[in-house]
There are 2 protein chains.
Amino acid sequence: MKESNLCPRFEKGMQLISKRWAGLIVYQLLSGPQRFCTIESNLPLSGKILSERLKELEQEGVVRRNVYPETPVRIEYSLTEKGLALEPIIRGVEQWSSAWLQPE
Amino acid sequence: MKESNLCPRFEKGMQLISKRWAGLIVYQLLSGPQRFCTIESNLPLSGKILSERLKELEQEGVVRRNVYPETPVRIEYSLTEKGLALEPIIRGVEQWSSAWLQPE
DNA sequence: TTTATTAAGTTACTTTTCGTAACCTAGTGT
DNA sequence: ACACTAGGTTACGAAAAGTAACTTAATAAA
């Protein structure tokens, strides 16, 4: 791939949130910690991609995976501080969408 | 694909800016109208994808394509009002990146 | 004691999207 | 006539996404 003269941090941040589904997963977690199946049923993506994205977001320190060793085991995903800091961006997208996109 | 219970406008807005390269193209145009080759040389993507994205963004009303019939013809891309309204989101990504990503 | 169910994924396979490089078209300059 | 530049487009292989079926582990039901 070509190289660019962009700030590498900005470029990385942009790639991170513009990875398909990443923004919507963060949005979903803004309403609180949630289990895999809850996220899956609230977003139009499949378990495979959700699983991949959650791993990537965990890797980036945006999402935390909490395991509760109950029976059956319960696993909840939540936003880290770094993830919560994305809220203004997500809210920005909400506002832009309601201001500029057709109400259907 | 599965359906979701998200606000369709928000979902569409999110898909729009999280389309690969779209955010960086808008960012690039925030510094003023620019020609195809200028955008191409400032971002790490190829002409093929840039061409596709610009068409999509034009379709969405985010980008305008201005043709100046000089010789040789000059074509400049610029943000519409709708596109300019994305600025706070892009700035948000800049700020988040500088606050939360490793400097290097 | 089988059988079923649920959460949280994973695998196998198909379809889209991306990335690279070569090519095209018009007009200019040499 | 020949090469050069802008603004793309085409062909083709590689990577990512989508779909559906399967796995594992534990509890519940028959």
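The values are calculated or read from the model by the stated rules, or taken from the named source; none is laboratory data. Computed from a prediction, not measured in an experiment: that's the story for all the values here. Positions of Cβ are backbone-derived with ideal geometry, glycine not excepted, and every protein chain shown enters the neighbour counts.
Residue count for segment B:72-83, restricted to those that are modelled with pLDDT of 95 or more and exposed (fewer than 12 other Cβ atoms within 10 Å of the Cβ): 1.
Out of the residues in segment B:29-48 that are closer than 15 Å to A:Glu3 by Cα and more than 13 Å from DNA strand C (Cβ to nearest atom), state the one that is nearest to the other protein chains (Cβ to nearest Cβ). Taking the candidates together, the pick is B:Asn42. Is at least one residue of segment A:6-13 in contact (Cβ under 8 Å) with a residue 12 or more places away in the chain and away from DNA strand C (no atom under 14 Å from the Cβ)? Checked segment A:6-13: no residue is in contact (Cβ under 8 Å) with a residue 12 or more places away in the chain and away from DNA strand C (no atom under 14 Å from the Cβ).
Somewhere in segment A:2-12, is a residue more than 9 Å from chain B (Cβ to nearest Cβ), within 15 Å of DNA strand D (Cβ to nearest atom) and either closer than 17 Å to B:Ser18 by Cα or surrounded by 20 or more Cβ atoms within 10 Å (Cβ to Cβ) (or both)? Within segment A:2-12 (the criterion being more than 9 Å from chain B (Cβ to nearest Cβ), within 15 Å of DNA strand D (Cβ to nearest atom) and either closer than 17 Å to B:Ser18 by Cα or surrounded by 20 or more Cβ atoms within 10 Å (Cβ to Cβ) (or both)), the answer is no, since none of the residues qualifies. Right, A:Leu86: buried (at least 20 other Cβ atoms within 10 Å of the Cβ), more than 16 Å from DNA strand D (Cβ to nearest atom) and touching a residue at least 40 places away in the same chain (Cβ under 8 Å) or not? Criteria met by A:Leu86.
Annotation note: Cβ proximity below 6 Å between a residue of segment B:24-49 that is closer than 16 Å to B:Leu86 by Cβ and free of Cβ contacts under 8 Å to residues at least 40 places away in the same chain and a residue that is crowded, with 17+ Cβ neighbours inside 10 Å and of a type in the set (Val, Ile, Thr) (sequence gap 6+ or interchain) occurs for B:Gln28/B:Ile39. The lone criterion from (1) surrounded by fewer than 18 Cβ atoms within 10 Å (Cβ to Cβ); (2) facing chain A (nearest Cβ under 7 Å); (3) over 23 Å from A:Val26 (Cα atoms) left unmet by B:Ser98 is number (3).
Here is a yes/no grid of residues against (1) at pLDDT below 95; (2) in contact with a Gly (Cβ under 6 Å, 6 or more places away or on another chain); (3) acidic (Asp, Glu):
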{"position": "A:Glu11", "(1), (2), (3)": "no, no, yes"}
{"position": "A:Met14", "(1), (2), (3)": "no, yes, no"}
{"position": "A:Trp21", "(1), (2), (3)": "no, no, no"}
{"position": "A:Gly32", "(1), (2), (3)": "no, no, no"}
{"position": "A:Arg35", "(1), (2), (3)": "no, no, no"}
{"position": "A:Glu70", "(1), (2), (3)": "yes, no, yes"}
{"position": "A:Glu104", "(1), (2), (3)": "yes, no, yes"}
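Is it fair to say A:Val62 is touching a residue at least 60 places away in the same chain (Cβ under 8 Å), crowded, with 17+ Cβ neighbours inside 10 Å and within 14 Å of another protein chain (Cβ to nearest Cβ)? So A:Val62 fails the test.
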